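Report on the following structure.
Laboratory data are not the source of any read-out in this text; all were calculated from the coordinates shown. Being a predicted model, the structure only gives us computed values, none of them experimental. We place every Cβ from the backbone using ideal geometry, glycine too, and count neighbours over all the protein chains shown.
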């Protein structure tokens with residue numbers, strides 16, 4: 001579990017830092033929920049410092065769980081997902097959460 005938490009935090013923090021450093025601050029604010037203060041800090045952090053933060057035993061960021069959004073996903077006609085594997089459903093959910101694609 002600790003290893004999974006480390007990788008989750010490391011991936012999130014590195015993505016957030018990359019978005020901020022590449023000038024995608026508005027997208028980082030919208031997609032990841034970053035505050036201007038957090039973006040300022042991420043600009044100054046080195047990768048080694050991010051790794052140290054990711055090693056903490058508790059989340060270093062706050063995930064946004066929108067029950068209304070998730071509820072709509074779960075109310076999708078189940079016939080659309082007939083024959084789908086758990087993997088494909090998980091990919092669909094991930095795409096919805098990250099805004100990587102349109103799922104009808």
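Quick notes
- Exposure proxy for 34, 21: other Cβ atoms within 10 Å of each Cβ, ordered fewest to most, give 21, 34.
- Label-to-label distance, residue 72 versus residue 96, with points set 7 angstrom from Cα along the beta-carbon direction: 0.9 nm.
- Label-to-label distance for residue 43 and residue 89 is 4.4 nm, based on points extended 7 Å past Cα in the beta-carbon direction.
- Working ranking of peptides 37-45, 59-67 by packing, defined as the average number of other Cβ atoms within 10 Å per residue, highest first, is 37-45, 59-67.
- Rounded, prolate or oblate (a/c below 1.5 giving rounded, otherwise prolate when a/b exceeds b/c) for region 2-54 by Cα gyration tensor: prolate
- Order of 47, 20 under a 10 Å beta carbon neighbour criterion, fewest first: 47, 20
- Residues of region 27-61 with amide N under 11 Å of a point placed 7 Å along Cα→Cβ from residue 15: 31-33
- Spin-label pair residue 8-residue 30: with each label point 7 Å from Cα along the Cα-Cβ axis, the two points sit 2.6 nm from one another.
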